[in-house]
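Single-structure report; data block below.
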Amino acid sequence: MDIQKNLAIRIHGLCRKIREQRPLIHVVTNFVVMNQTANALLALGAAPTMSWAREDLEYMSGISDGLCINMGTPTRERVEAMITLMALAQQSKKPLVLDPVGSGAGPHRTEIARQLSALAPHKIIRGNASEICSLTHEHTTTRGVDSTISPADAKEILVTHGRTADQCAPDHQHDLRDKGVEIFSTMASCVVTSGKEDMVLDNTRTLILKNGSDLMNAVTGTGCILSAITAAFYAVCPEPFEAATAACATSAIAGEIAAEKASGPGTFLPHFMDSLYNLDEKTLITRLKTERQFPYPSATGNSNKV
Ligand SMILES: Nc1ncnc2c1ncn2[C@@H]1O[C@H](COP(=O)(O)OP(=O)(O)O)[C@@H](O)[C@H]1O
Ligand SMILES: Cc1ncsc1CCOP(=O)(O)O
Ligand SMILES: [Mg+2]
């Protein structure tokens with residue numbers, strides 16, 4: 001059986017697990033996208049709960065199956081709640097996803113993102129390319145909450161993270177993967193940069209997913225939703241790379257289908273919710289488009305593309 005078809009079948013198996021287990025996903029997210037995030041989790045088959053009251057944190061942390069921390073509208077009270085919840089998640093190794101919304105757009109948000117990304121290193125971090133690259137301390141190019149870095153540039157930045165210019169000289173290319181990703185993964189077990197192409201990275205692999213639609217950029221909250229459903233997949237699949245891959249594929253393929261049915265951004269979300277709800281194995285097998293690279297391209301430019 002071909003690799004892609006096998007991956008699509010595994011992804012559908014995780015979708016089925018979410019519908020059967022209905023994981024309770026605790027989401028501390030921004031005011032802009034709260035409602036559509038809860039509805040997207042319900043459409044996927046998970047059970048959302050949005051709460052950040054100080055008195056509620058310990059109890060919620062005890063009963064939830066997964067946690068999504070989204071810093072889109074970071075008030076002091078909410079950031080304190082996020083830090084508490086991430087510390088509790090680190091103790092219990094609870095499936096955790098951090099969405100560093102707006103990191104790289106000014107010092108305040110970037111500082112909060114760096115503070116949160118240093119907690120609970122088993123977590124998955126999902127952001128657009130600018131947000132993720134701002135965590136490597138060299139790039140602060142996020143425009144509001146939007147990325148200004150291409151997926152290809154993001155890969156170079158992430159792989160060369162923490163390396164001096166001479167270490168990145170062409171004859172050092174062959175060991176970029178080890179140093180770049182290794183240093184980076186001290187923050188996370190898996191990192192996702194989303195955009196025209198989604199990229200899932202961990203210490204040993206890079207997967208590029210090519211599904212989705214431009215229209216997903218014309219609607220607020222599609223990235224926040226991706227982070228929340230990543231937490232739902234992580235709650236039923238302890239392997240973070242596999243969970244993040246399944247979430248990216250599910251979100252982007254549902255978005256692709258919704259964009260074909262919608263007549264613009266105003267009708268996109270209802271179709272997106274329906275697509276998440278109705279996504280079946282045949283659709284995943286037919287539509288999934290991925291490209292796998294590991295290790296990273298060598299100095300000669302070739303790579304073990306699978
Ligand atoms: N130009 C695009 N083409 C296809 N899919 C896209 C495009 N831009 C974003 N997406 C999809 O929309 C979702 C949100 O990604 P993104 O816009 O990068 O996040 P954010 O909203 O956090 O900036 C992802 O599922 C991604 O695959
Ligand atoms: C516009 C905006 N401003 C603060 S949070 C937010 C929503 C961002 O949603 P997404 O990251 O999914 O585009
Ligand atoms: Mg975002």
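See the values below:
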| quantity | calculated |
| --- | --- |
| Hits in segment 123-155 (condition: at pLDDT below 75 and open to solvent by 40 Å² or more (accessible area, probe 1.4 Å)) | His137, Glu138, His139 |
| Scan of segment 93-112 for residues that are free of Cβ contacts under 8 Å to residues at least 40 places away in the same chain, touching a helix residue (DSSP H, G or I) at 6+ places or on another chain (Cβ under 7 Å) and not in a loop (DSSP other than H, G, I, E, B), ordered by number | Thr110 |
| Sole residue being over 18 Å from Ser227 (Cα atoms) and open to solvent by 40 Å² or more (accessible area, probe 1.4 Å), chosen from Asp56, Asp65 | Asp56 |
| Residue list for segment 211-240, restricted to those being touching a strand residue (DSSP E or B) at 6+ places or on another chain (Cβ under 6 Å) and either β-branched (Val, Ile, Thr) or at pLDDT below 95 (or both) | Thr230 |
| Residues being under 20 Å from Ala243 (Cβ atoms), part of a helix (DSSP H, G or I) and in contact with a Gly (Cβ under 8 Å, 6 or more places away or on another chain) - total across segment 21-56 | 1 |
| Every residue from segment 12-35 that is closer than 18 Å to Phe272 by Cα and open to solvent by less than 30 Å² (accessible area, probe 1.4 Å) | His12, Cys15, Ile18, Val33 |
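The values are calculated or read from the model by the stated rules, or taken from the named source; none is laboratory data. Just so it is clear, the model here is predicted, and its values are computed rather than measured. Cβ sites come from the backbone with ideal geometry, for glycine too, and all protein chains shown count toward neighbours. Quick note on the areas: whole protein, heavy atoms, side chains included, nothing else; ligands and nucleic acids left out. Shrake-Rupley method; radii C 1.70, N 1.55, O 1.52, S 1.80 Å.
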